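Notes follow once the structure below has been shown.
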Amino acid sequence: MKKIAEAARSVDVVLQTDVLVVGSGPGGLAAALAAARAGARTALIDRNGCFGGNITQVGVEGFAWYRHEDTVDCEGIGIEFETRAKAMGAAMPEPQSLSHALDAEMFKWVADVMVDEAGIIPLLHRLCVAPIMEHGAIRGVIIESKAGRQAILAKRVIDATGDADIATRAGAPVHKTPKEKMMSVSVMFSMSGVNKQRFIDAVKADPQTYADWSGNNEWDYETSGKEDKLFSPFLRKPFQQAVKAGLIPPYLHTIAGTWGGVTDQGDLTYLNLVHIPEIDGTDPVDLTVGEMRGRREAIYALEALRKFMPGCEDAKLRNFGMTLGVRDTRKIDALYNLTGSDVREQGRFDDAVGIFPEFIDGYGILILPTTGRYWQLPYRTLVPKGVGNLLVAGRCIGGDDVSHASARNMMCCAVSGQGAGAAAAISLQRDEALDQLNIGAVQRELVRQGARIR
C-alpha cells in the first residue's frame, strides 16, 4: 500500500478535564453520569449529533426485553434510563417482557437532559483519532471535527467506543473475533401507517414463541427449555411467503426477527429483521457494504410485510437507524476476563461493581432470566493490561464469547459504565492507580448512586 508522510504539527489543547469518556452509548453515558455524580469534572465525546449510541443512533429500543416476573435485575443508572424515559414520555410497554421500550428519537432529548443535569461537558460531533500517551499511560486524545484537529487532556480516560478503539491505539492487548464467527450486524428500521388493531389481532391469532425461532441458520438457539413456550414478537412467516411469491430473492431466506411495539398512531417500531453476517465493525469497507446491503434488504422486508402481514397493507418506511447495530468486534485482555461459566453459574467476585441477570443472547445461546439467577460484574474486567489511566466500558470489556453474549447487552453495558465512571472518579480522589484501586471505596460510591453490587 502506498504511503504519504504527514508533516509534523502542533495541536491546540481545547479542554483539560478529570475524566474523559469516549463514546456515549449505554456504557459511555452511564460512565459519564457516574463520574460526574461522584464529583469529577467529566466530558463526554460522541462522533454523532446525539448521545445514546445503540439506543438513539442504531434504534435498539428494547432496553430490558429480558425482564420477567422472577428476574433479579440490576439497579442504578441503567434502570434510571428506563424510568426517566417513562417519566418524560419517551417509552412504551415492551410486548414480550415486564419492561418499557425506549423511544429512540425521544431518548435523544432524555440523554441531553441527564447530561445537562449532571454538569457533564457535552462534546458532540467529535471523532477521536488517536490517544495521547506518556510513559505508558494515556493523557488524553486527539480529536477531529469541523473545527479541525484538536487535543483534549484528561487524568482518566474511559473507552466506551464499543470496539475498544482507544485501548487498541493506546497499545493495550486486545483480541477480535474472527470475521466468520462474528455475530451478524442489524439494520434497524420502523414503519408508520400500520393498522394497530388488525396487526395485533393477527399476532394473537398465530402467537409465536421462542421455540419458533428455530428453523434457519440465523435463529437456531440453544435454550434451557424454560424459554421455549414464552411469547415472542417474532416474525418469519410473512417473509417465507414473500420468498415463495418471488417478492424476496431466495438467498434472503434469513430475513426474520422481532418487532418492538406498535403505537396507537400506527408506528411499528424496532423492527429487528435484517441481519448481515461477516461484517467487521472496525472495517469501513465492511461497514459501507453492511449499510447499503442492509437498507436494500430492509426494503424487501417492508414490501413483504405490506403484502403478507395484516395491518401493514398501507404502511411505509418511517426511518432507518442512523447506523448499523454491531454486536461483536474487539475485546480487551483485561486484568480478569469473564468466562461463560461466570455468567451461566452465577459468578461471584469480591471486586463486584454491579450485577446482571442470567441473560445470554448470542453465539447460538438464548437464556432468559426467569428464575432469579444473576451474576456479578468484577471491576477487573474493565481494566486493560499495559496502559495506565485507562478503563473500558460496554461490550469491549474482557471476556470470552459466551460471557460477551451476556455482557454486550445494553443494560449490562450501563452496569459496566457506571462501575467505570465511579472508579475513575474515586481513583482521582484517592490518588490511586486504576490497577491498584481500593475497591471498597468504589463500591461505597456505587451503592450511594443506587447501584446494586451484591
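Each value in this text was obtained by applying a stated rule to the coordinates, not by laboratory testing. Here the structure is a predicted model, which means the values were calculated and not measured. Note that we place each Cβ from the backbone using ideal geometry, even for glycine, and neighbour counts take in every protein chain shown.
In table form, for the structure just shown:
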{"read-out": "Beta bridge orientation in the chain: antiparallel %, DSSP, nearest 5", "value": "65"}
{"read-out": "Under the Karplus curve 6.51 cos²θ - 1.76 cosθ + 1.60, θ = phi - 60°, whole-Hz ³J(HN,Hα) for region 227-238, x wherever Gly or Pro sits", "value": "7, 4, 9, 6, 5, 9, x, 9, 10, 9, 4, x"}
{"read-out": "Region 279-400, relative contact order [Cα under 8 Å, separation at least 6], %", "value": "26"}
{"read-out": "Crossing angle, helix 104-118 versus the chain [Cα axis fit, 0-90 degrees, rounded to tens]", "value": "20"}
{"read-out": "Spacing of the two label points (7 Å from each Cα toward its C-beta) at V13 and H125, in nm", "value": "2.6"}
{"read-out": "Packing-based order for 362-374, 285-297, 186-198, using average beta carbon neighbours within 10 Å, highest first", "value": "186-198, 362-374, 285-297"}
{"read-out": "Long-range HN-HN contacts of L235 with modeled amide H, under 5 Å", "value": "G257, T258, W259"}
{"read-out": "Segment A245-V285, length gained on full extension (0.36 nm per residue, minus Cα span)", "value": "11.1 nm"}
{"read-out": "Set of aspartates and glutamates with alpha-carbon distance to K155 below 13 Å, sequence-local pairs under 8 removed", "value": "D18, E134, D431, E432"}
{"read-out": "Amide H partners (placed H, <5 Å) of C74, local residues excluded", "value": "none"}
{"read-out": "Sequence-distant residues sharing a close amide H with R139 (under 5 Å, placed H)", "value": "I132, M133, E134"}
{"read-out": "Whole-angstrom gap from region 162-182 to region 1-32, using each part's C-alpha centre", "value": "17"}
{"read-out": "Average Cα contact separation per residue, the chain, under 8 Å, 6 or more apart, as relative contact order %", "value": "23"}
{"read-out": "The chain: angle of helix 196-205 to the longest principal axis, Cα-based, in degrees nearest 10", "value": "80"}
{"read-out": "Flagged links, alpha-carbon separation over 18 Å, of K179/K331; K181/K331; K196/K226; K196/K307; K179/K237; K204/K237", "value": "K196/K226; K179/K237"}
{"read-out": "Distance cut-off 37 Å, percentage of C-alpha pairs in the chain lying past it", "value": "23"}
{"read-out": "Inter-probe distance in nm under a simple model that places probes 7 Å from Cα toward Cβ, at K316 and I4", "value": "4.3"}
{"read-out": "Region 229-367: projected area of the alpha-carbon convex hull, averaged over directions, in nm²", "value": "11.7"}
{"read-out": "Helix 26-37 axis, angle to the chain major axis (alpha carbon atoms, nearest 10°)", "value": "40"}
